[in-house]
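First up is the structure itself, then whatever we jot down about it.
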Amino acid sequence: MSNFSFLNPFGVLDEPGTYMGDFYSNNFARKAQAGNVILNLGPQHPSTHGVLRVVVEMYGEYVVRSEPVLGYLHRSHEKMAEHKTAYGFLPNMGRVDYLNAIGWNWAYAGACEQLAGIECPERAEYLRVIAAELNRISSHLVWWGAFVLDLGAFTPILYAFDDRELICDILQRVTGSRLTMNYFRFGGVGADGDDLFFSKIRDFIPNMRERLKMYKALVTDNVILRRRLEGIGPMDADLCVRYGATGPLLRAAGVPRDVRRSIPYGIYDRFDYEIPVAETNDNFGRYWVRLQEISESLKIVEQAVAQIPPGKHIVDKAPKPSWKLPPGESVFSVEGARGEITVHVISDGGKSPYRVKLRAPGFSNLSVFAEAAEGTILADAIAILGSLDLVIPEIDR
Amino acid sequence: MKMLSAIWDNLKGLYSLLVGMCITGRYFFQPLKTVHFPRDVVEPENLASYRGPLELARGKTDESKTRCISCQMCAKGCPGNCITVVKSKEGKNPVTWLYDFTLCCLCGACVEVCPTAAIQFSHRLYLVSTSREALVLDLLKDLEERVAAGPLPAAGAGTPDAKKPEARMPDAGGPQKAAGGSAAPDPEG
Ligand code: SF4
Ligand code: SF4
């Protein structure tokens, strides 16, 4: 306290340890070099997408060191699972990652089905694919808008939300909600798609393809954007593998790993689509991979809607809310919008699962940041942070 | 050479700027897509599949009678413990059917598990309150009020899978009234 001066309010370090801050920044400042500035990005800063806080040590405009501080949005989902029935934990899955609710739905439902040996009807599998891919598109759209917003362009996010609303309308038709969707059930899905649902999707696909062209002209081809992204924030495959980063990050580093291909689940092996891989290994690669994934997802949805067979959307005798998981454990991975979502369920045959471990891709993806942002200027560090596609509730769980 | 490439760069930048301006300009003259909430509300077709707070379905013979047989399936299956059903001494029908909307995650377990299809999601979008107590809804009373307000326009709309919204859309003063008032269930129609 005594070291605080109004001439030096931001804590420029004359000698280490004189910075006035909370525990994290003080601890972080201990290793700082004299003369460097400790800066808190967040937890309330708009460009950190939610309540992420990153403490950075700055040498002038350059980032010397950084450290993410987590836990501002911890809701103890894993602990909740130990107190609810297996079925009762399903709605939580829509809340772990609010942008990719269906991906989490699938990971948890898949793990429990694997453990109990429940097979889904054919139609349910198709409905799952349609919902998951639409959800992936909407998640990427929000990321796209927010990322470009981080870089200083305001208009694109309005277009992104415009298209996302259409997806929300479609998914609301079957799930009943627009954000925290709880669609999957053990052995199927909650509701069958009606004619309006499918006709809305059929309208949406060409519409979205047109919009993607517009996105390309408006943003992707923009020289300012290119200059902000190309060659910035290198994350090579080695770095990604060391930290366990998955999803578009890993694919932008040239590793064609996508759970839909490498460990096929559901009926993904029936569709014709590509896994976009970029070799450039920079911010622009990650940007390009995600936009490419939108069009690949559109392809999958198109095929799924064309092929969907008639039938039931959920198995007969589907588990009731009081259903008990059989004893044992199972691990199930799906490809979420941000990377590999894994759910590990352990059950001792009791009323609630014994333990549920949720592996959030965002957590590993964020841990890359400290190393990737080292030595960049602050504005580029923000661009790198944006390119990771972070959703804080998922990281904190 | 260096100067030439600098000029070329600037021209390219100018071009991409122009493209952006053209696109934004085109959208500027297109009709408005957003709904300006208090003055304007979402059209009812869109709400047909929206899950609002629970309501009791109308009875099959006597509309103001609930179909609920107090079997407690919904109360036991609910992950949020938001339902309280108390059976009456005489018959099967409940005397109390309380629903705590503050705890509800709108998961649909109760609706799916109910053997008599007595519960359904309403499409009330504008239910707000400043106190927790006001969001504990007495659904039996709510059912009576709805039935008193008039019969349903379409047949079969009382079943959970019916996509027809009840006449829930507030008129011009609706949303503000609901927003400002402390009474929980918003005014009918
Ligand atoms: S929708 Fe889910 S949380 Fe809400 S009352 Fe029904 S079972 Fe409970
Ligand atoms: S499950 Fe249906 S019938 Fe049983 S108590 Fe609940 S509302 Fe009544």
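Overview of results
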{"quantity": "Scan of segment A:340-370 for residues that are of a type in the set (A, V, I, L, M) and either farther than 13 Å from residue A:397 by Cβ or part of a helix (DSSP H, G or I) (or both), ordered by number", "calculated": "A:345, A:346, A:366, A:368, A:370"}
{"quantity": "Every residue from segment B:51-76 that is within 8 Å of ligand 2 (Cβ to nearest atom) and within 14 Å of chain A (Cβ to nearest Cβ)", "calculated": "B:71, B:72, B:73, B:74, B:75"}
{"quantity": "Filtered residues of segment B:81-95 (kept if more than 11 Å from ligand 2 (Cβ to nearest atom) and surrounded by fewer than 18 Cβ atoms within 10 Å (Cβ to Cβ))", "calculated": "B:81, B:88, B:89, B:90, B:91, B:95"}
{"quantity": "Filter result for residue A:325 (away from every other protein chain (no Cβ under 14 Å), in a strand (DSSP E or B) and either among the aliphatic types (A, V, I, L, M) or open to solvent by 50 Å² or more (accessible area, probe 1.4 Å) (or both))", "calculated": "no"}
{"quantity": "Whichever residue in segment B:96-105 is within 14 Å of chain A (Cβ to nearest Cβ) and open to solvent by less than 50 Å² (accessible area, probe 1.4 Å) and, among such residues, is farthest from residue A:175 (Cα to Cα)", "calculated": "B:104"}
{"quantity": "Single residue of A:299, A:312, A:324, A:317 found to be basic (Lys, Arg) and touching a Phe, Trp or Tyr at 6+ places or on another chain (Cβ under 7 Å)", "calculated": "A:299"}
{"quantity": "Residue match in segment B:37-46 (condition: farther than 30 Å from residue A:175 by Cα and within 11 Å of chain A (Cβ to nearest Cβ))", "calculated": "no"}
{"quantity": "Residue A:200 open to solvent by 60 Å² or more (accessible area, probe 1.4 Å), closer than 22 Å to residue A:389 by Cβ and of a type in the set (D, E, K, R)", "calculated": "no"}
{"quantity": "When residues of segment B:114-139 are limited to those that are outside any loop (DSSP other than H, G, I, E, B) and within 11 Å of ligand 2 (Cβ to nearest atom), the one nearest to residue B:74 (Cα to Cα)", "calculated": "B:119"}
{"quantity": "Subset of segment B:106-129 [of a type outside the set (A, V, I, L, M, F, W, C), within 13 Å of the chain's Cα centre (by Cα) and away from chain A (no Cβ under 14 Å)]", "calculated": "B:126"}
{"quantity": "All helices (runs of 4 or more DSSP H) inside segment A:193-301 with 3 or more residues being within 14 Å of another protein chain (Cβ to nearest Cβ)", "calculated": "A:195-215, A:223-229"}
{"quantity": "When residues of segment A:155-183 are limited to those that are buried (at least 24 other Cβ atoms within 10 Å of the Cβ) and polar (S, T, N, Q), the one nearest to the other protein chains (Cβ to nearest Cβ)", "calculated": "A:182"}
{"quantity": "Condition check for residue B:88: hydroxyl-bearing (Ser, Thr, Tyr) and on the phi < 0 side of the Ramachandran plot", "calculated": "yes"}
{"quantity": "Enumerated helices (runs of 4 or more DSSP H) restricted to segment A:1-99, each holding at least 2 residues that are in contact with a Lys or Arg (Cβ under 9 Å, 6 or more places away or on another chain), modelled with pLDDT of 80 or more and of a type outside the set (Gly, Ala, Ser)", "calculated": "A:77-81, A:90-96"}
{"quantity": "Test set (1) open to solvent by 30 Å² or more (accessible area, probe 1.4 Å); (2) at pLDDT below 85; (3) within 14 Å of chain A (Cβ to nearest Cβ) - residue B:6 fails condition number", "calculated": "(2)"}
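Conditions tested, residue by residue: (1) within 16 Å of ligand 1 (Cβ to nearest atom); (2) in contact with a Lys or Arg (Cβ under 7 Å, 6 or more places away or on another chain).
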| site | (1), (2) |
| --- | --- |
| B:8 | no, no |
| B:15 | no, no |
| B:23 | no, no |
| B:48 | no, yes |
| B:70 | yes, yes |
| B:74 | yes, no |
| B:81 | yes, no |
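The values are calculated or read from the model by the stated rules, or taken from the named source; none is laboratory data. As the structure is a computational prediction, the values presented were derived from the model and not from experiment. FYI the Cβ positions are ideal-geometry reconstructions off the backbone, even for glycines, and counts take in every protein chain you see. What goes into the accessible areas is simple: the full protein's heavy atoms, side chains included, and nothing from ligands, DNA or RNA. Shrake-Rupley method; radii C 1.70, N 1.55, O 1.52, S 1.80 Å.
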